[in-house]
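Here the structure is laid out as structure tokens; the discussion comes afterwards.
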There are 2 protein chains.
Amino acid sequence: MNVPTNLGFTVKDIAKAVQRRDVIIVIDVLRCCSTIVTALANAAEGVTPTKTVREARMLHNKHPEFILAGERRGIKLKGFDLGNSPLEFSPQNVEGKHIILTTTSGTKAIISSENAKYVLTGAFLNAEATAKAAVRIAEQERTGISLISAGTNGRFSLEDFICAGAIAKSFPVDIIGHSDAVLAALLAFKQARQSLNSILQSGYHARYLVSQGFEEDVKFCSQLNVFKLVPFLNGETIVPLNGSLLFY
Amino acid sequence: MNVPTNLGFTVKDIAKAVQRRDVIIVIDVLRCCSTIVTALANAAEGVTPTKTVREARMLHNKHPEFILAGERRGIKLKGFDLGNSPLEFSPQNVEGKHIILTTTSGTKAIISSENAKYVLTGAFLNAEATAKAAVRIAEQERTGISLISAGTNGRFSLEDFICAGAIAKSFPVDIIGHSDAVLAALLAFKQARQSLNSILQSGYHARYLVSQGFEEDVKFCSQLNVFKLVPFLNGETIVPLNGSLLFY
């Protein structure tokens with residue numbers, strides 16, 4: 001069976017992916033999607049993304065028991081409980097808690113995908129698990145897979161592109177029809193995989209994060225296949241993909 | 001000195017490159033830019049690109065002594081002297097001749113760049129020469145360099161992306177500030193360089209060309225640094241870049 005795969009470089013590519021009824025994998029390595037998978041792996045109950053800071057605050061007013069988290073320009077917002085560093089989303093901080101998250105690019109990309117039936121979030125931390133889940137769903141639904149990079153302020157992002165290659169590397173070779181962009185990402189990942197952290201640090205957004213003191217975040221987010229968990233957008237909230245969801 | 005480099009994936013990215021006053025390198029490996037450099041290396045006098053078939057025919061009516069060349073859907077046009085296969089542009093066919101060329105993506109991208117002061121065309125065949133010329137001009141003019149992939153019907157093209165990496169590989173390391181897309185293309189080229197022909201053949205447009213009987217073209221266009229010649233858009237006609245042009 002042939003599952004066509006596509007790769008979009010920015011949020012602008014989401015509309016076409018939704019039109020094609022593709023399974024969408026939103027990728028934002030630095031740091032939104034790395035943070036989400038870490039939070040859920042550390043037993044957060046769910047993550048509700050919002051596009052704007054205002055929406056995040058309003059939702060928190062309704063639910064003051066939720067954790068309010070997020071960033072603009074990489075920095076934790078005033079009055080927020082947490083920023084967007086995955087290292088903050090420890091079991092002590094998030095276990096059993098519901099999180100509201102707003103970030104510059106990632107949460108916007110996730111929300112822009114909400115009309116798709118299946119939206120997963122991918123990062124290096126869960127590349128293989130995400131790939132396998134997406135292929136399973138795409139086969140079942142007889143659709144394609146669109147990898148969507150959240151981008152950096154609407155621009156092409158090195159780390160998301162390489163991560164798209166990492167995810168595509170885990171698609172079974174025999175069933176996938178890759179677009180040119182997916183083939184290119186695969187090449188880049190194969191070249192980068194032996195020194196992911198240092199190559200990621202050459203990218204624009206990683207350099208910015210390092211300049212803001214987040215070098216440990218970049219290191220953490222460069223780790224491959226640490227988690228088997230796949231975050232899945234269920235209505236307005238991201239939860240771990242439940243195997244049974246796939247077969248209802 | 002820092003020369004910022006950018007990479008645009010389709011013709012849509014040209015406007016910004018022109019605005020930035022960048023030196024533009026149009027890349028269309030399969031086959032327009034490979035054909036142009038081959039024609040000029042085989043002593044064609046010049047190549048005038050046109051956007052439409054109609055314009056090509058009109059120009060030929062004015063100048064019946066010119067060679068009329070080009071394709072749509074990869075196939076030579078009715079009544080044309082040559083198609084768009086670089087192998088046709090032999091010394092016997094083109095020496096001392098002026099060529100009118102219209103292709104699906106490449107000539108459109110070149111013409112869309114005409115408001116830039118410096119437009120070069122790049123391919124694997126002349127990657128290093130193009131890179132060195134572009135850096136020399138960019139340093140002199142204190143501008144950046146924009147690599148622009150002509151794309152395949154407005155879509156990302158594997159071979160042009162890898163070729164952008166091949167060109168970027170010849171930029172001097174110490175003076176270049178690469179965008180994320182250029183860094184990604186460099187990774188892909190490093191991974192692909194040992195088997196360029198077979199990797200190019202996995203791409204969408206190469207598969208189409210092979211299906212139309214043009215496998216030899218794909219092979220020919222996969223060769224690295226065969227020519228030292230750099231095609232340069234001078235007014236409406238592409239001619240070999242003359243060293244003296246750079247220092248007037």
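Just one of the listed residues (B:21, B:54, B:31) is modelled with pLDDT of 95 or more and within 21 Å of residue B:86 (Cα to Cα), namely B:31. Residues in region A:12-41 that are hydrophobic (A, V, I, L, M, F, W, C), within 25 Å of residue B:12 (Cβ to Cβ) and not in a helix (DSSP H, G or I): A:24, A:25, A:26, A:27.
Being among the aliphatic types (A, V, I, L, M) and within 23 Å of residue A:42 (Cβ to Cβ) is the filter; apply it to region A:152-167 and report the residue that is nearest to the other protein chains (Cβ to nearest Cβ). Let's see the steps before the verdict.
Initially, region A:152-167 is screened for residues among the aliphatic types (A, V, I, L, M), giving A:158, A:162, A:164, A:166-167.
In the following step, the residues that additionally are within 23 Å of residue A:42 (Cβ to Cβ) were identified as A:166-167.
Numbers: A:166: 12, A:167: 15 Å.
Among those residues, the one meeting the criterion is A:166.
The single condition among (1) buried (at least 20 other Cβ atoms within 10 Å of the Cβ); (2) more than 15 Å from residue B:7 (Cα to Cα); (3) without any contact (Cβ under 8 Å) to a residue 60 or more places away in the chain that residue B:85 does not satisfy is (3). On the stretch given as region A:133-151, residues that are within 15 Å of the chain's Cα centre (by Cα) and either closer than 22 Å to residue A:40 by Cβ or at pLDDT 95 or above (or both) total 8.
Of the residues B:212, B:191, B:201, only one is in contact with a Leu (Cβ under 7 Å, 6 or more places away or on another chain) and at pLDDT 95 or above; which? Walk me through it before giving the result.
Numbers: B:212 fails: in contact with a Leu (Cβ under 7 Å, 6 or more places away or on another chain); B:201 fails: in contact with a Leu (Cβ under 7 Å, 6 or more places away or on another chain).
Matching residue, one of B:212, B:191, B:201: B:191.
Of the residues making up region A:115-133, one or more are closer than 21 Å to residue A:170 by Cβ and of a type in the set (Asp, Glu). When restricted to residues that are surrounded by 15 or more Cβ atoms within 10 Å (Cβ to Cβ) and over 22 Å from residue A:107 (Cα atoms), region A:198-223 contains 3.
For residue B:187, state whether it is within 14 Å of another protein chain (Cβ to nearest Cβ) and within 19 Å of residue B:170 (Cα to Cα). Steps first, answer last, please.
Working: within 14 Å of another protein chain (Cβ to nearest Cβ): yes; within 19 Å of residue B:170 (Cα to Cα): yes.
Here the answer is yes, as residue B:187 does meet what is asked.
A single entry from A:211, A:149, A:170 fulfils the requirement of being away from chain B (no Cβ under 14 Å) and closer than 28 Å to residue B:173 by Cβ: A:211. Residue count for region B:195-234, restricted to those that are within 27 Å of residue B:6 (Cβ to Cβ) and not hydrophobic (A, V, I, L, M, F, W, C): 10. Checking each residue in region B:70-104 for being under 14 Å from residue B:48 (Cβ atoms), among the polar types (S, T, N, Q) and not in a loop (DSSP other than H, G, I, E, B) picks out only B:102.
Quick one: would you say residue A:30 is in contact with a Ser or Thr (Cβ under 9 Å, 6 or more places away or on another chain) and crowded, with 24+ Cβ neighbours inside 10 Å? Write out each step before concluding.
Details: in contact with a Ser or Thr (Cβ under 9 Å, 6 or more places away or on another chain): yes; crowded, with 24+ Cβ neighbours inside 10 Å: yes.
Here the answer is yes, as residue A:30 does meet what is asked.
The values are calculated or read from the model by the stated rules, or taken from the named source; none is laboratory data. What you are looking at is a predicted structure, and each value in this text was computed from that prediction instead of being measured. Glycine also receives a Cβ, built like all others from the backbone with ideal geometry; neighbour counts cover every protein chain displayed.
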